[in-house]
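Chemist: Here it is, the structure, as structure tokens.
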Amino acid sequence: MNFKEIKAPIDTITIDRIELEKKSGKNIYETICILEKVSEKINFWIKEDLDKKLEEFNFMNKNNLEEIFENKEQINLSMFYEKLPKPTSISIQYLLDKQIKIN
């Protein structure tokens, strides 16, 4: 699953409970529990990916303090991750697109 390419909404939207139940084949409580677990995994992947990229900046900028405050690449990277949809929205979109297999 590539969380960067999913077309999940950035803003909060209302989703029909019955539609979620149909897509998951479970009741709403079980569906929410499943989506919560998927959201936690997505959040972990996002954090891990961001940490790896920020670690590269920290390694490159240890000797030069001036670059730390004016690093445009790091600012662009931070802005990209701020604009990503929330992990919950991504997990719901995965369910709606049938990318999550629920037994």
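The numbers here are math on the coordinates, done by the rules we state, and not lab data. The structure presented is a predicted model; accordingly, all values stated were derived computationally and were not measured. As a convention, Cβ positions derive from the backbone with ideal geometry for all residues, glycine included, and neighbour counts pool all protein chains shown.
Chemist: Whole-Hz ³J(HN,Hα) for each residue in the range 93-103, computed from phi via Karplus 6.51 cos²θ - 1.76 cosθ + 1.60 with θ = phi - 60°, x for glycine and proline: what do you get?
Modeler: Each residue of the range 93-103 in turn: 5, 4, 5, 5, 8, 6, 9, 10, 9, 10, 9 Hz.
Chemist: To continue, here is another question. Exposed loop trypsin sites (Lys or Arg not before Pro) only (DSSP loop, at most 12 other Cβ atoms within 10 Å): please give the longest stretch of the chain free of them, not including the sites.
Modeler: 8-61
Chemist: Would you kindly derive the ³J(HN,Hα) couplings of the range 72-85 from the backbone phi angles with the Karplus curve 6.51 cos²θ - 1.76 cosθ + 1.60 (θ = phi - 60°), listing them in order in whole Hz, with x for Gly and Pro?
Modeler: Those phi angles translate into 5, 5, 5, 5, 5, 5, 4, 5, 4, 6, 5, 7, 5, x Hz.
Chemist: Using a simple spin-label model with points 7 Å from Cα along the Cα→Cβ vector, what separation in nm is obtained for ASN43 and LYS22?
Modeler: 3.0
Chemist: Assuming R0 = 25 Å, can you tell me the calculated FRET efficiency for the pair GLU30 and ASN76, based on Cβ-Cβ distance, to the nearest 0.05?
Modeler: Using R0 = 25 Å, I get an efficiency of 0.05.
Chemist: Considering the convex hull of the alpha carbon atoms of the chain, report its projected area averaged over all viewing directions, in nm², one decimal. Don't jump to the answer; show the numbers that get you there.
Modeler: Numbers: hull surface 29.5 nm².
Mean projected area for the chain: 7.4 nm², to one decimal.
Chemist: Run the helix sum for the chain: -39,500 (n - 2.57) per DSSP H stretch of 4+ residues, divided by residue count, reported at 222 nm to the nearest 500 deg cm²/dmol.
Modeler: Helix-only estimate at 222 nm: -21000 deg cm²/dmol.
Chemist: Please turn the phi angles of the range 29-41 into ³J(HN,Hα) values with the Karplus equation 6.51 cos²θ - 1.76 cosθ + 1.60 (θ = phi - 60°), one per residue in order, whole Hz, x for glycine and proline.
Modeler: So the J values, rounded to whole Hz, are 4, 5, 4, 5, 4, 5, 4, 5, 5, 5, 4, 4, 5.
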